[in-house]
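So the structure is just underneath, and the comments pick up after that.
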Amino acid sequence: MSKSDSTTLPQAEYKYGFVTEIETDVVPIGLNEEIIGMISAKKNEPEWMLNYRLKAYRHWLTMKEPAWAHLTYAKIDFQKIRFYSAPKTNANAGKKLEELDPELLKTFERLGIPLLEQKRISGVAMDVVFDSVSVGTTQKEALEKVGVIFCSISEAIQKHPELVKKYLGSVVPVADNYYSALNAAVFTDGSFCYIPKGVRCPLDLSTYFRINAKDTGQFERTLLIADEGSYVNYLEGCTAPMRDENQLHAAVVELVAHDNAEIRYSTVQNWYTGDREGRGGVYNFVTKRGKCQGKNSKISWTQVESGSAITWKYPSVILQGDNSVGAFYSVALTHDHMQADTGTKMIHIGKNTKSTIISKGISTGQSSNSYRGLVRILPSAEKARNYSQCDSMIVGERAKANTYPYIENRNRSAVVEHEASTSRLSEDQLFYLKSRGLDQEKAIAMLVNGFCKDVFKHLPLEFSVEAVKLIEMKLENSIG
Amino acid sequence: MLKITNLHANVGDKEVLKGVTLTINPGEVHAIMGPNGSGKSTLSKVIAGYPGYEITSGKVEFEVNGKMIDLSELEPEARACEGVFLAFQYPVEVPGITNLAFLHAAFNAVCRHHGAPEMSEEKFAKFVAEKSKIVEMDPRFLDRGVNVGFSGGEKKRNEILQMAVLSPRLAILDETDSGLDIDALKIVAGGVNKLRSAERGILLITHYQRLLDFIKPDFVHILSAGQIVKSGNSSLALELEKEGYNAYIR
């Protein structure tokens, strides 16, 4: 156990940059089989789970950190990271939200996430993950009535082992990539969600991730299953304190959509970006993948990536079921020294499968913003269709934008369309807005919002308002 | 309200304005006519503050709160807030922002500048719908992206609508007649005439006499090679029409 320390950087712009003083229950810094055993024991896991972790760890040891992304950063020393840190008062899981440590309640209140009944956001059920553990899930009873399971993945391992065993790693196998293997070995918490047959989830489901403790990595694991004919709208948000050191967030998110099911997954990512000199910030190495397993199933990823020092993230869809539909709508804003290499993969397997990719990258300051996408049409994917549109906007002289679109078409009946553009913020547009009385910041924010409109319109309303505000705030701070 | 004194200005390395002197008082409508390349559009952009248009000598002064101030000291947005308006020859398209949202933001920016209360979205929508009538614009245009997919005539009408909404003290209309058919020209000119007032100065920049059949100026100036070579009343435009620019060009 240790007390979190409070050394933060003076930077007023990031209002989520505060640290919560709370006693923590931790494992020692570093990574080995013993540590993995300790994590598993803390979570009181069944043996099959521990074996899954150890197998993943042993495989990870044989793997190399990928170097193909357009990112530059010092090699991560995994022996200097703490792989588990939990608020101590949360030790007896299953407590009521009302009995949570007041410090935690206050923290989430400050983040705009009221957990207590009377203040909750209506129409949304929320799971909140603080460092390595889920500290609570709201609206559980309302969801249970219709048979929806929404809880932390740790709880699911205890209470719904058959579902977890069946689906965990079924979309992102342990050996998929370096970070997914690491995650499989050391994941600590995240959300689990199961929507039963024919149920249209009555509430939006949401997970909020918060990294607090120093030197601690967050290894989130989320698993979301939409059974036949079901529908769910899922939202995700994330923040972290401002710290001098880099923090690692290596998540794996798996989605499974059965026949006629639909999953809409939206993220507003606002991890700490590091300071204006490029010190600190979160390394966000994330594997997100959905499988349209059943016929006529639909999965859409909508993301607003506005945080993190480094983003390495390609939310993808495997279009296995005939007539299934995948979509990726993305806005990635980088400023100062941020680096983002993000995009998607659409893997067409089934007949008449359709995918849409709309990506908008905005780079300002000295940042680097890359779109990387793969559209793969397999021979079985008769009459598959893809439409991709990737636009980059560069603000200022030192920002960089790159586009790496890959297309592999192995079926002649398939139609793949790709449009791309890279432009500097238009001087004429900017002047036009200014000549009507709008100042530089407002004018740029307006132009960028217009540029992102095709993506924002796919966000749920309240998220879309938040996204617009977030982008405006980031631009105000990074340009001028 | 506007006083231009011996103005010299460069676009890049090239001197385009070579000593322009012009005074506009409230309520007056001035027309500047001239052949292509004479510096008409440059003059309008210099007044509005377009980047890259550099004043090398002379000055442009504008009356703010009863005092003449040097316009070059104000950013373009501050000039706009103080009441300088430029109707563009080629209005740009701004995708993803509705005309209504754009006008609302601009209107409120001007309000803020003057410490006046901002107008709510609801109230503003009504206000704009009313103003749209001035240029006979279908209110549905307000929900479309700014100038996106607008015809040439629609873009020009939209410029005059913006002028009506922002109610500037000085309006510069840069070749507002270009690319308009006769019906559209009548509508646009009609809009401008409705916006003539004793407090407002208007500077029409045009290549052709045609516009002046519909908007009767108080003064006409002929610009040639960066200088005003002749000034007169509205009959000058008719003479020019008869004799052609060649009679006046140096």
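Among the residues of segment A:337-369, those identified as among the basic types (K, R) and more than 30 Å from A:G274 (Cβ to Cβ) are A:K351, A:K354.
Of B:I187, B:I228, all but one fail to be open to solvent by 20 Å² or more (accessible area, probe 1.4 Å), touching a residue at least 12 places away in the same chain (Cβ under 8 Å) and part of a helix (DSSP H, G or I); the exception is B:I187.
Of the residues making up segment A:365-383, those that are among the small types (G, A, S) and either open to solvent by 20 Å² or more (accessible area, probe 1.4 Å) or more than 16 Å from A:K291 (Cα to Cα) (or both) are A:G365, A:S367, A:S368, A:S370, A:G373, A:S380. In segment B:42-69, the residues that are surrounded by fewer than 20 Cβ atoms within 10 Å (Cβ to Cβ) reach residues that are of a type in the set (D, E) and in a strand (DSSP E or B) with C-beta atoms within less than 8 angstrom, at least six apart or across chains, in these pairs: B:T56/B:E15; B:K59/B:D70; B:E61/B:D70; B:M68/B:E61; B:I69/B:E61; B:I69/B:E63.
For segment B:49-83, which residues satisfy the criterion of being facing chain A (nearest Cβ under 8 Å) and of a type in the set (A, V, I, L, M)? Listed by number, the list holds a single entry, B:A80.
To keep it simple, each residue is scored yes or no on (1) more than 24 Å from B:G49 (Cα to Cα); (2) modelled with pLDDT of 95 or more; (3) open to solvent by less than 60 Å² (accessible area, probe 1.4 Å).
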{"residue": "A:Q389", "(1), (2), (3)": "yes, yes, yes"}
{"residue": "A:I407", "(1), (2), (3)": "yes, yes, no"}
{"residue": "A:K434", "(1), (2), (3)": "no, yes, yes"}
{"residue": "A:G437", "(1), (2), (3)": "no, yes, yes"}
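Of all residues in segment B:1-28, those satisfying the criterion of being under 29 Å from B:L238 (Cβ atoms), open to solvent by less than 40 Å² (accessible area, probe 1.4 Å) and not β-branched (V, I, T) are B:M1, B:L2, B:L7, B:L17, B:G19, B:L22, B:G27, B:E28. Evaluate the following for B:A31: is it on the phi < 0 side of the Ramachandran plot, surrounded by 16 or more Cβ atoms within 10 Å (Cβ to Cβ) and outside any helix (DSSP H, G or I)? The answer is yes for B:A31. None of A:I362, A:I358 is in contact (Cβ under 8 Å) with a residue 60 or more places away in the chain, within 14 Å of chain B (Cβ to nearest Cβ), in contact with a strand residue (DSSP E or B) (Cβ under 8 Å, 6 or more places away or on another chain) and open to solvent by less than 10 Å² (accessible area, probe 1.4 Å) except A:I362.
Summed over segment A:153-187, residues that are polar (S, T, N, Q), under 19 Å from the mean Cα position of the chain (by Cα) and assigned to a helix (DSSP H, G or I) total 3. Selection of segment A:278-289 for residues being surrounded by fewer than 24 Cβ atoms within 10 Å (Cβ to Cβ) and within 17 Å of A:P241 (Cα to Cα) yields A:G278, A:R279, A:G280, A:Y283.
Go through the residues of segment B:145-163 one by one and say whether even a single one is surrounded by fewer than 19 Cβ atoms within 10 Å (Cβ to Cβ), in contact with a Leu (Cβ under 9 Å, 6 or more places away or on another chain) and away from chain A (no Cβ under 11 Å). Yes, segment B:145-163 contains a residue that is surrounded by fewer than 19 Cβ atoms within 10 Å (Cβ to Cβ), in contact with a Leu (Cβ under 9 Å, 6 or more places away or on another chain) and away from chain A (no Cβ under 11 Å). Within the bounds of segment A:440-455, is there any residue that is open to solvent by 40 Å² or more (accessible area, probe 1.4 Å) and closer than 22 Å to A:A327 by Cβ? Yes, the conditions are met somewhere in segment A:440-455.
Among the residues of segment A:52-88, the ones that are among the charged types (D, E, K, R), within 23 Å of the chain's Cα centre (by Cα) and surrounded by 12 or more Cβ atoms within 10 Å (Cβ to Cβ) come to 3 in all.
The values are calculated or read from the model by the stated rules, or taken from the named source; none is laboratory data. All values reported here derive from a predicted model rather than from experimental measurement. Note that each Cβ is placed from the backbone with ideal geometry, even for glycine, and that neighbours are counted across all protein chains shown. SASA here: full protein model, heavy atoms, side chains in, ligands and nucleic acids out. Shrake-Rupley method; radii C 1.70, N 1.55, O 1.52, S 1.80 Å.
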